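Taken together, the values in this text are just the output of simple stated rules run on the coordinates, not laboratory data. Please read these numbers as outputs of a predicted model, since none were measured by experiment. Neighbour counts run over all protein chains shown; Cβ positions are idealised from the backbone, glycine included.
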Amino acid sequence: MEPSKTTHSRRSFLRSSLLAGGGLMISFSWLPEAVKAANGIDAGVPGQWSELTGYIRITPDNVIRILNPNPEFGQNVMTSLPMIIAEELDADWEKIVVEMGPHDNVKLGPQFTGGSNSVRMYWKPMREAGAAARAMLLQAAAGTWSVPVEELTTKAATIFHEKSGRSATYGSFATKAAAIPVPKEIHTKAVKDFKILRKAQKNVEGSKIVTGKPLFGLDYHQEGMLIAMIQHPPAFGMKLQSFDASQALGMPGIKDVFSLKLYPEGFEQGGFDTRTFNELLVVVGKTTWEVMNARKKLVAQWQPAGDTKDTMAGRNGKREVTVPGELESTDSQLAKMEAFSKQPAQQLRKDGDPESAFRNAAQIIERTYNAPFLAHNCMEPMNFFADVTDEKALLAGPLQAPGWTEPTLSKILNLPPEKIEIRMTRMGGGFGRRAYGHYLSEAALISRKVKAPVKLIYTREDDMTYGIYRPMYTATYRAALDANKNLIAFHVKGGGIPEHAIHANRFPAGAVDNYLAEGWQIPSNITIGAFRAPRSNFNAAAEQSFLDEVAEAMGKDPIDLRLELLKRAKEKPIGEKNDYDADRYAGVLQLVREKSGWGKPENKKYHRGVAAYFCHNSYAAHVVDMVMKDGRPFVERVYSAMDCGIVINTDAATNMVEGAVTDGIGNAFYGRLSHKEGKAEQNNFHRYRMIRHSEAPDKIEVHFVQNDLDPTGLGEPPFPPVFGAVANALYKATGKRHYDQPYLNPPPKTATKPENKRPF
Amino acid sequence: MLKLNINKKDYELNIDPNTPLLWVLRDIVGLVGTKYGCGIAQCGACTVHLNGEAVRSCVTTVSRAAGQKVVTIEGLSVNGDHPLQQAWLELDVSQCGYCQAGQIMSAAVLLKENKNPTDKDIDNAMEGNICRCGTYLRIHKAIQLAAEIQRKG
């Protein structure tokens with residue numbers, strides 16, 4: 001990238017102002033349309049976002065404070081976003097004070113953690129905010145010293161005039177700079193001149209974490225605060241019939257027991273207002289243990305809810321949806337999916353003439369893949385603090401997108417948004433789960449009811465059995481080969497409860513002449529939500545396993561086959577909306593092939609599996625090296641290649657990929673949330689198997705494609721292809737293809753095994 | 001009245017003796033570095049030291065801890081510079097960070113008893129601590145680094 005000369009559009013503007021007590025505050029504001037246009041964000045973005053603003057504050061004694069706008073759930077944005085500003089500002093990173101910003105979508109932008117978007121979304125505005133501040137400080141210095149601004153240089157928050165030998169800190173010009181108009185043109189640095197970015201910078205909250213400082217929602221405390229817990233129905237599809245609180249109320253420390261309705265009748269739910277149960281029992285008391293004990297004394301009768309109606313808000317007005325009342329079991333869900341998979345489905349994309357190609361094929365490979373619901377299992381269970389009166393509301397806790405829940409709060413509390421303050425604590429994991437703020441709304445209503453500050457705490461059991469899971473998915477893939485073993489057609493038909501996972505325009509769409517993608521879905525009362533790389537986390541398992549099998553049938557190396565297809569997609573693409581860059585896709589495969597020593601004899605002792613995937617704007621490829629250890633498959637080594645453009649924080653990025661690989665192996669091997677008559681069969685970690693220390697790889701070697709492209713995210717992209725690479729390594733290790741997740745913990749019953757006979 | 005010694009400080013508490021130590025620490029004493037993760041000794045987030053042994057405070061009643069020496073993450077070192085804490089920072093282990101206090105407390109007992117732990121020793125000592133972010137590899141390396149820091153004194 002060349003030194004960029006950024007002329008901010010007429011829709012964006014920078015503001016500077018004088019800090020109380022002297023000093024400069026620089027804000028970058030950007031109207032919402034510009035944010036959307038720049039970031040290509042469309043679906044799921046509420047229209048009420050206003051301005052984007054990044055803060056830099058500099059005091060006369062040269063203390064520089066940067067506010068991190070985006071919620072931190074372990075993706076390290078609290079470090080990486082301020083690094084971007086510090087780079088352009090030319091500050092001394094070690095001396096920067098980073099603070100979590102308040103919820104303020106007007107001043108601090110979209111403020112959502114999700115979709116691997118944080119860095120991507122804030123990259124440009126943060127660079128410009130830093131560069132503009134630097135330019136204003138330089139101008140202030142030039143005026144004071146009566147020298148041309150071009151003769152000034154900066155380093156570590158200090159301005160130098162070499163000719164006269166003068167130097168002074170940013171702080172000494174901060175007050176004067178605040179009076180200077182924001183420059184019309186902003187010059188950001190050349191990538192080659194980066195001093196802070198593309199290096200390893202330590203987590204700014206690292207020492208607080210290792211010394212146990214209060215950081216998380218569950219740690220939030222306010223004097224006089226009460227503790228609340230909910231009791232939700234024991235199964236999906238059930239609701240409260242009646243309850244007797246007398247015993248619970250008599251327990252020590254208990255203040256109140258009541259039933260709570262979350263949304264009023266006809267409430268128009270937005271995309272992130274998902275809640276499983278609208279009516280809950282609530283126990284409020286002095287301490288957590290007292291409330292836990294009293295909850296055991298609740299006497300409640302539950303009954304089947306039957307079919308119910310939800311009102312959903314939508315772009316084209318509200319619509320009613322029926323939530324089926326069936327008490328579902330995993331067996332019945334699998335049977336239902338199998339039946340649905342044979343019905344006609346919605347066509348999502350069609351290229352060429354797949355029907356004829358399959359009819360004329362010399363060989364058809366058909367395989368069906370299944371995956372269960374998954375619980376997020378954030379290590380910190382759902383919780384939120386609320387202090388709500390009739391006049392105002394203060395809320396504090398772990399939340400991925402305060403701007404998505406605030407409108408809901410405003411409606412159910414009947415308070416204007418300006419009377420609602422949401423403080424974002426550090427999150428003990430999120431993985432998508434904390435984009436759904438029902439627990440925050442519950443806390444708010446509980447606080448208002450008991451007229452006291454309250455912290456709502458979900459137990460692990462409440463958390464795991466509540467829902468908002470990764471959906472249950474299935475997909476049947478078919479490949480047609482001609483007599484020369486050329487791939488002439490590709491067909492995917494996917495479904496799920498309650499949604500399918502198919503991304504019709506992703507690879508190998510664009511690389512095969514005859515292509516068909518179809519999808520279907522089955523409604524359910526089991527609620528679902530975003531789970532680390534939604535949909536992709538299934539597709540990359542199924543599609544990448546399938547391609548491995550197709551390569552085998554074609555007598556090709558699995559990396560070679562992918563590269564051939566990608567070459568085809570680049571040189572002679574089929575269709576127009578192919579949602580990937582074939583060169584970058586091939587790039588990670590080539591890099592992982594080189595780094596892993598793919599095909600080298602010294603790696604023969606490993607059962608190797610490869611997979612690659614593109615999602616959330618970044619490219620990932622893994623080679624998984626499996627061995628059998630004590631009779632069980634063990635992933636001993638993993639080689640990863642990533643392309644996420646410029647790597648903001650090298651060591652943190654590596655950590656993120658290592659974590660995604662480990663998390664991926666765990667979920668691929670063990671992850672499973674099953675149901676019996678509506679009840680979640682796993683309610684805590686003794687039943688829900690998580691990967692543990694001894695099962696994590698001994699080595700994960702992470703490589704990044706070096707380029708100067710604008711950065712994209714890393715929280716999600718490395719995760720999905722782990723599933724495929726693990727499945728492919730398992731085949732090598734066991735001689736058996738694995739079609740059903742979890743691979744080492746199979747469901748009680750699996751859908752029909754593949755057969756190659758079904759007529760098109 | 002129960003007498004507790006937490007991080008070398010004495011407490012007298014009038015409390016239900018069956019209360020798990022975890023909730024006494026968090027709700028009564030105000031030491032929130034010890035985390036709640038599962039409540040059934042399956043995840044290790046609540047690990048503290050009881051007379052130098054690693055225990056899961058979510059299933060350890062406060063009466064069992066009475067008169068004993070309890071050490072939490074806040075008391076592991078005076079200045080936050082236990083070799084494990086140094087190593088954790090050096091290798092920038094944490095992602096979300098929620099489980100890390102429990103990880104460090106489990107590792108601290110291992111390192112006290114075993115100055116030179118093997119990979120297998122580390123796996124065995126740490127098997128009860130879950131990390132959904134998947135930082136196991138770094139935790140493993142940090143324990144090895146801490147052992148080295150400890151050996152060098």
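Overview of results
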read-out: Exposure proxy order (Cβ contacts within 10 Å, fewest to most) of A:Tyr606, A:Tyr639; value: A:Tyr606, A:Tyr639
read-out: Neighbourhood net charge (11 Å Cβ-Cβ; Lys/Arg +1, Asp/Glu -1) for A:Tyr263; value: -3
read-out: Which of A:Leu445, A:Leu561 has the fewest Cβ neighbours within 10 Å, and the rest in rising order; value: A:Leu561, A:Leu445
read-out: Projected-area average for the range B:2-75 over all orientations - Cα convex hull basis, square nanometres; value: 4.0
read-out: Inter-probe distance in nm under a simple model that places probes 7 Å from Cα toward Cβ, at A:Gln346 and B:Met1; value: 6.9
read-out: Whole-angstrom gap from the range B:73-135 to the range B:26-70, using each part's C-alpha centre; value: 16
read-out: Kirkwood Rh in Å, taken over all unlike Cα pairs in the range A:334-447; value: 18.2
read-out: Reachable aspartates and glutamates from B:Lys69, criterion Cα separation under 20 angstrom, eight or more residues apart if same chain; value: B:Asp10, B:Glu12, B:Asp16, B:Asp27, B:Glu53, B:Glu113
read-out: Dipole of the protein assembly as shown, positive direction: furthest Cα of A:Gly631, B:Ile28, A:Phe385, with charges on the beta-carbon; value: A:Gly631
read-out: Helix B:136-152 vs. chain B, principal-axis angle (Cα, 0 to 90°, nearest 10); value: 90
read-out: Rel. contact order, % - alpha carbon contacts under 8 angstrom, at least six apart, chain A; value: 14
read-out: Rounded, prolate or oblate (a/c below 1.5 giving rounded, otherwise prolate when a/b exceeds b/c) for the range B:83-152 by Cα gyration tensor; value: oblate
read-out: Set A:Lys107/A:Lys411; A:Lys261/A:Lys309; A:Lys296/A:Lys336; A:Lys199/A:Lys732 screened for pairs whose C-alpha atoms are more than 27 Å apart; value: A:Lys296/A:Lys336; A:Lys199/A:Lys732
read-out: Using a Förster distance of 45 Å, the FRET efficiency for A:Lys699-A:Glu391 (Cβ separation, nearest 0.05); value: 0.20
read-out: Extension gain from A:Ala200 to A:Ser332, taking 0.36 nm per residue of separation minus the Cα-Cα distance; value: 42.5 nm
read-out: The protein assembly as shown - share of DSSP beta bridges that are antiparallel (%, nearest 5); value: 75
read-out: Assigned charges on the beta-carbon of Lys, Arg, Asp, Glu; chain B dipole about Cα centre (debye); value: 100
read-out: Label-point separation, A:Ala553 to A:Lys577 (7 Å along Cα→Cβ), nm; value: 2.7
read-out: Estimated dipole of the range A:625-670 in Debye, rounded to 20 [Cβ of Lys and Arg +1, of Asp and Glu -1, Cα centre]; value: 160
read-out: Three semi-axes of the equivalent ellipsoid, the range A:469-734, Cα gyration tensor, whole Å, largest first; value: 26, 24, 19
read-out: Kirkwood estimate for chain B, i.e. one over the average of 1/r between Cα atoms, Å; value: 15.5
read-out: Net length gained if the chain between A:Lys192 and A:Glu355 were fully extended (0.36 nm per residue, minus Cα distance); value: 53.5 nm
read-out: Among beta bridges that DSSP assigns inside chain B, antiparallel share in %, nearest 5; value: 85
read-out: Neighbour-count order for A:Thr662, A:Thr712, fewest beta carbons within 10 angstrom listed first; value: A:Thr712, A:Thr662
read-out: Reciprocal mean inverse distance between Cα atoms of the range A:585-636 - Kirkwood radius, Å; value: 12.0
read-out: The range A:396-462: relative contact order in percent, alpha carbon pairs under 8 Å with at least 6 residues between; value: 37
read-out: Average Cα contact separation per residue, the range B:83-152, under 8 Å, 6 or more apart, as relative contact order %; value: 51
read-out: Inter-site label distance for A:Thr734 and A:Lys605 at 7 Å from Cα along Cβ, in nm; value: 2.4
read-out: Estimated dipole of the range A:612-733 in Debye, rounded to 20 [Cβ of Lys and Arg +1, of Asp and Glu -1, Cα centre]; value: 740
read-out: Kirkwood hydrodynamic radius (C-alpha pairs) into Stokes-Einstein, chain A, 25 °C and 0.890 mPa s, D in µm²/s; value: 88
read-out: Farthest positive-ward along the protein assembly as shown dipole, Cα basis, beta-carbon charges - from B:Thr61, A:Ser356, A:Val119; value: B:Thr61
read-out: Among A:Pro304, A:Phe216, A:Phe258 - extreme Cα towards positive end, dipole of the range A:196-346, charges at beta-carbon; value: A:Phe216
read-out: Gain in span if fully extended, A:Glu268 to A:Asp61, counting 0.36 nm per residue against the direct Cα distance; value: 69.4 nm
